[in-house]
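Asks: Dropping a structure here in structure tokens format, bear with me for questions.
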Amino acid sequence: MVTIKRTSTKNKESMYFGTFHDSYENTFDTVHFPKISEEYPFRGKGFYSLVGKVVLDYNYPMLEVEYMEKQGWLNPDYL
């Protein structure tokens with residue numbers, strides 16, 4: 001995860017926009033609508049596994065998140 005921005009819908013529900021790096025160090029943006037952001041909240045800085053669909057918003061691709069899970073850190077002593 002690079003950064004997240006919290007915003008509110010017209011119904012005062014929280015939703016988020018995120019920016020992430022993939023395993024190839026490409027940057028991509030995400031949108032987390034209220035139901036998803038409540039069910040799968042951000043759990044601080046770290047690595048996340050994301051599942052969703054790619055959508056175009058103003059001709060710009062982003063991932064509309066349907067599932068998110070924070071991943072653990074690898075300990076090099078156990079590799």
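Asks: Past the 18 Å Cα-Cα mark, which pairs from Lys10/Lys53; Lys10/Lys35; Lys10/Lys70; Lys12/Lys45; Lys12/Lys53?
Replies: Distance filter (> 18 Å) returns Lys10/Lys53; Lys10/Lys70; Lys12/Lys45; Lys12/Lys53.
Asks: Could you calculate the FRET efficiency of Gln71 with Lys10 from 1/(1 + (r/R0)^6), where r is the beta carbon distance between them and R0 is 30 Å, rounded to 0.05?
Replies: 0.35
Asks: Something else now. Would you mind computing Rg(Cα) / (2.2 N^0.38 Å) for the chain, counting N as its residues?
Replies: Relative to the rule-of-thumb radius for its length, the chain sits at 1.18.
Asks: Please sort by residue number the chymotrypsin sites (Phe, Trp or Tyr not before Pro) in the stretch 36-78 whose DSSP state is loop and whose Cβ has at most 13 other Cβ atoms within 10 Å.
Replies: Listed in order of number, the matching sites are Tyr58, Trp73.
Asks: May I ask you to list the trypsin sites (Lys or Arg not before Pro) in the chain that are in a DSSP loop and have at most 13 other Cβ atoms within 10 Å of their Cβ?
Replies: Qualifying residues, ordered by number: Lys10, Lys12, Arg43, Lys45.
Asks: Rounded to the nearest 500, what is the chain's calculated 222 nm mean residue ellipticity when only DSSP H runs of at least 4 contribute -39500 (n - 2.57) each, over all residues?
Replies: -1500 deg cm²/dmol
Asks: Mind checking the full-extension length gain between Tyr58 and Lys45? Use 0.36 nm per residue of separation minus the Cα-Cα distance, one decimal, nm.
Replies: Details: separation 13, 0.36 × 13 = 4.68 nm, distance 2.86 nm.
Full extension from Tyr58 to Lys45 adds 1.8 nm.
Values in this text are rule-based calculations from the coordinates and carry no lab data. In this text, all values refer to a predicted model and were calculated from it rather than measured experimentally. Positions of Cβ are backbone-derived with ideal geometry, glycine not excepted, and every protein chain shown enters the neighbour counts.
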